[in-house]
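The values are calculated or read from the model by the stated rules, or taken from the named source; none is laboratory data. Every value quoted in this text rests on a predicted model; they were computed, and no experiment measured them. We place every Cβ from the backbone using ideal geometry, glycine too, and count neighbours over all the protein chains shown. Ligands, DNA and RNA are stripped out before the accessible areas are found, and what is left, the full protein with its side chains, is counted by its heavy atoms. Shrake-Rupley method; radii C 1.70, N 1.55, O 1.52, S 1.80 Å.
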Amino acid sequence: DGGITQSPKYLFRKEGQNVTLSCEQNLNHDAMYWYRQDPGQGLRLIYYSQIVNDFQKGDIAEGYSVSREKKESFPLTVTSAQKNPTAFYLCASRRDTYYEQYFGPGTRLTVT
Amino acid sequence: AQTVTQSQPEMSVQEAETVTLSCTYDTSENNYYLFWYKQPPSRQMILVIRQEAYKQQNATENRFSVNFQKAAKSFSLKISDSQLGDTAMYFCAFMKHGVNAGNNRKLIWGLGTSLAVNP
């Protein structure tokens with residue numbers, strides 16, 4: 001079954017701790033994206049990667065970091081520098097030369 | 001810069017009836033794509049339908065169809081024979097066409113319309 005997986009579904013952390021959100025896809029897609037979703041604000045792009053070992057900042061990259069060592073994987077680290085990390089995080093992927101993005105089920109991160 | 005506006009924060013419809021969700025966008029581009037995504041209570045984001053700006057024919061996917069008015073920069077979604085499972089947030093999104101430096105095929109999102117289908 002092809003798809004995008006994000007784990008865990010719910011994540012709780014204490015303030016000041018870094019946390020890494022997982023995103024894996026077996027669709028053989030080239031591009032991958034991380035979005036943040038807050039109530040009333042729609043989706044905002046954090047980072048994206050078009051190929052392995054390359055990634056670019058999105059609109060709200062401060063306090064986040066990513067890596068793209070494998071085509072299938074695009075983990076997102078929420079660092080302690082992110083001032084308001086509590087949010088719903090969505091990972092997406094896209095096949096090269098196509099335009100549709102397909103999404104994982106998301107991770108709800110709560111930092112207290 | 002491109003913007004996407006969904007002017008209806010909330011809507012409701014009776015089961016089996018038809019509902020239309022509005023979306024307008026602002027762009028100086030001539031070639032682009034438009035999308036409707038659905039986010040049910042599970043929060044999984046699901047692609048509903050897409051429209052290429054260069055195509056005059058409106059896209060259709062089963063009970064979902066769009067009314068694309070390029071000159072008016074309008075892209076509404078019509079849901080026919082509404083079902084309880086259609087209850088969700090619906091997001092309109094825009095993407096520039098083509099690959100060039102800095103394009104990256106970013107989606108520009110509206111803020112969404114919450115649709116409730118009532119039995």
Quick check: is even one residue across region B:90-103 among the hydroxyl-bearing types (Ser, Thr, Tyr) and touching a Ser or Thr at 6+ places or on another chain (Cβ under 6 Å)? yes
Which condition number does A:Ala81 fail, the rest of (1) within 21 Å of B:Leu107 (Cα to Cα); (2) modelled with pLDDT under 95; (3) of a type in the set (A, V, I, L, M) being met? (1)
Inside region B:1-15, the number of residues satisfying the requirement of being farther than 30 Å from B:Pro119 by Cβ and assigned to a strand (DSSP E or B) is 3
Quick check on my filter: what residues within region B:77-119 are farther than 17 Å from B:Gln51 by Cβ, at pLDDT 90 or above and at the interface with chain A (Cβ under 9 Å from one of its Cβ atoms)? B:Leu111, B:Gly112
Which strands (runs of 3 or more DSSP E) sit wholly inside region B:16-113 and have at least 1 residues that are more than 21 Å from A:Arg94 (Cβ to Cβ)? B:19-21, B:24-26, B:64-69, B:74-79, B:88-96
Report the residue count in region B:23-41 for those that are closer than 15 Å to B:Ala116 by Cα and open to solvent by less than 70 Å² (accessible area, probe 1.4 Å). 3
What's the number of the only condition in (1) out of contact with any strand residue (DSSP E or B) (no Cβ under 6 Å at 6 or more places or on another chain); (2) open to solvent by 50 Å² or more (accessible area, probe 1.4 Å) that A:Arg108 fails to meet? (1)
For region A:5-17, does any single residue satisfy the condition of being within 16 Å of A:Asn84 (Cβ to Cβ), away from every other protein chain (no Cβ under 12 Å) and of a type in the set (S, T, N, Q)? yes
Mind listing just one residue for me: the one in region A:67-112 that is among the aliphatic types (A, V, I, L, M) and within 14 Å of another protein chain (Cβ to nearest Cβ) and, of those, nearest to A:Tyr48 (Cα to Cα)? A:Ala92
When region A:23-61 is examined, which residues are found to be closer than 11 Å to A:Phe74 by Cβ, in contact (Cβ under 8 Å) with a residue 60 or more places away in the chain and more than 11 Å from chain B (Cβ to nearest Cβ)? A:Cys23, A:Gln25, A:His29, A:Met32
